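Novice: After the structure tokens below, expect a handful of questions from me.
Just so it is clear, none of the values below were taken in a lab; they were calculated from the coordinates. This one's a predicted model, so the numbers in the text were calculated from it and none came from an experiment. Note: ideal-geometry Cβ built from the backbone for every residue, glycine included; neighbour counts use all protein chains shown.
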Amino acid sequence: MELNDLVSQVAGFDSLAPGEKIRLLAWWLHTHQNMATFRTGDIRVCYQELHLPVPNIAMYLTRMTESKPAKTLRKGDSYNLTRAARSDLDEKYGIHPSIQAVSKLLIDLPEKVPDLTEKVFLREAIDCYRVRAYRACIVMTWNLAFDHLLKWILKDAARLAAFNAAIGIRYPKRAGVSIKTYDNFADEFKESEIVEVCNTAQTVNSNVIKILKEKLTKRNMAAHPSSVVVVQPQADDVVTDLINNVVLALP
């Protein structure tokens, strides 16, 4: 995790007391820079990278070392957070391996997505995931995947013809409807109906159809006000399934 990404996850970071900021930066050095110990200069570099005024770091580290219970341990001019202090911050800001995997999947995707609109959806999905806004991440990932699906249909004349031929089969009352442009999809159909027509046209296989239906249900749950709690594993499921089986699988 980059330092700026960590800070963006911490609500009210700028208003934290200097000692709290220093503990958080020390935790980042331990956890994400693999530093067993750190020096005052290492903390100073963090402040400079974040464009923050640098406090009297040595004074605050001394206070944390002398507090009861101690929050830091000192050996010579090096320090490390105590086990208890690190555990507390691990619980608040620790990154589960699954989060690292999903973050990498999203971050590596821009090079594989040339479309500008999809890049916008992708950037928003990444931002939402990083700050643990999982409802919004699910919505933006669905937007990315569904946008990709529609453009994939339009990109190939045979796929578009198969889709148009299937409209009247799946929805007989709309037998005269024909998709010619991207906007026609939204003008004529709901998202769920587009998935149904894709199923009838067999433009994508049945497993992808199943994924689209399931993820559309989750998108609706996330997008609409409700008491349902949306947590990280739900976002992980939506992101990995839609990215791997729609965005990357339909070139």
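Novice: Run the lone-cysteine check on the chain: no other Cys C-beta under 4.7 Å from the residue's C-beta.
Specialist: Lacking a cysteine Cβ partner under 4.7 Å: Cys46, Cys198.
Novice: Between 0 and 90 degrees, rounded to the nearest ten: what's the tilt of helix 191-201 against the longest Cα principal axis of the chain?
Specialist: The angle comes out near 50 degrees.
Novice: Sort 85-91, 27-33 by the packing proxy (mean of other Cβ within 10 Å over each peptide's residues), most packed first. Write out the running numbers ahead of the final one.
Specialist: On the way: 85-91: 14.7, 27-33: 18.4.
Put in order of decreasing packing, that is 27-33, 85-91.
Novice: If you take the C-alpha gyration tensor of the chain, multiply each eigenvalue by 5 and take the square root, what semi-axes do you get, largest first, in whole Å?
Specialist: On the way: eigenvalues 509, 51, 39 Å².
Semi-axes, largest first: 50, 16, 14 Å.
Novice: In the stretch 97-247, what is the count of Lys pairs whose alpha carbons are under 13 Å apart, counting only pairs at least 8 residues apart or on separate chains? Don't skip to the end; give the middle numbers.
Specialist: Values: Lys151/Lys180; Lys155/Lys180; Lys190/Lys213; Lys210/Lys218.
Close lysine pairs under the 13 Å cut-off: 4.
Novice: If you fit an axis through the alpha-carbon atoms of helix 116-130 and take the longest principal axis of the Cα set of the chain, what angle between them do you get, 0 to 90°, nearest 10?
Specialist: 40
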